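Enquirer: I'd like to ask some things about the structure below.
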Amino acid sequence: MRIDQDSWNIIQRVLRRYPDNLKEQKADGAYRERIEREIKAVELALSMLSPEEQQVIRARFFTDRRRNISYERIYERGYSARQMRRIVKRMVYATGKNLGEIE
């Protein structure tokens, strides 16, 4: 389950854009299709996680659009850094599969 670094970065960018995409759903054309495809992929991947794991994803990706929040700053979620990395990897993998970025 090794993910190429370029694909990993693309998928993380999609995850960070998710809150903004929800606001921009009313766009037209191919842009709208891309937004809808990304929203569906992220929501499907989020639905596979438990509510506590979803909190980790929200804290890491949805807090700051420019960059990911470090694991040390979200340590109060009750998971170790290693557990959070595993949660994030599952989320990135599921989102990438739904987007078609990972085969």
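The values are calculated or read from the model by the stated rules, or taken from the named source; none is laboratory data. Since the model is a prediction, treat every value here as computed from it, not as a measurement. Note that each Cβ is placed from the backbone with ideal geometry, even for glycine, and that neighbours are counted across all protein chains shown. Areas reflect the complete protein model, heavy atoms only, side chains present, ligands, DNA and RNA absent. Shrake-Rupley method; radii C 1.70, N 1.55, O 1.52, S 1.80 Å.
Enquirer: Which ones in the stretch 53-79 are modelled with pLDDT under 90 and either more than 23 Å from residue 36 (Cα to Cα) or of a type in the set (A, V, I, L, M) (or both)?
Expert: 69, 70, 71, 72, 73, 74, 75, 76, 77, 78, 79
Enquirer: Separate question: Looking at the stretch 1-15, I want the residues that are open to solvent by 60 Å² or more (accessible area, probe 1.4 Å) and have a partner that is in a helix (DSSP H, G or I) and of a type in the set (Phe, Trp, Tyr) with Cβ atoms under 8 Å, at least 6 apart or on another chain. Which pairs are those?
Expert: 1/93
Enquirer: Just for the stretch 47-80: of the residues that are open to solvent by 70 Å² or more (accessible area, probe 1.4 Å) and of a type in the set (Ser, Thr, Tyr), which one is nearest to residue 15 (Cα to Cα)?
Expert: Step by step, filter the stretch 47-80, then rank; the result is 63.
Enquirer: Can you tell me which residue in the stretch 27-53 is farthest from residue 86 (Cα to Cα), limited to those that are touching a helix residue (DSSP H, G or I) at 6+ places or on another chain (Cβ under 8 Å) and without any contact (Cβ under 8 Å) to a residue 40 or more places away in the chain?
Expert: Of everything passing the filter in the stretch 27-53, 27 is farthest from residue 86 (Cα to Cα).
Enquirer: Return the residues of the stretch 9-32 that are farther than 17 Å from residue 99 by Cβ and of a type in the set (Val, Ile, Thr); say none if nothing qualifies.
Expert: Within the stretch 9-32, none qualify.
Enquirer: Pick from the stretch 26-46 the residues that are open to solvent by 30 Å² or more (accessible area, probe 1.4 Å) and within 12 Å of the chain's Cα centre (by Cα): which of them is farthest from residue 13 (Cα to Cα)?
Expert: 44
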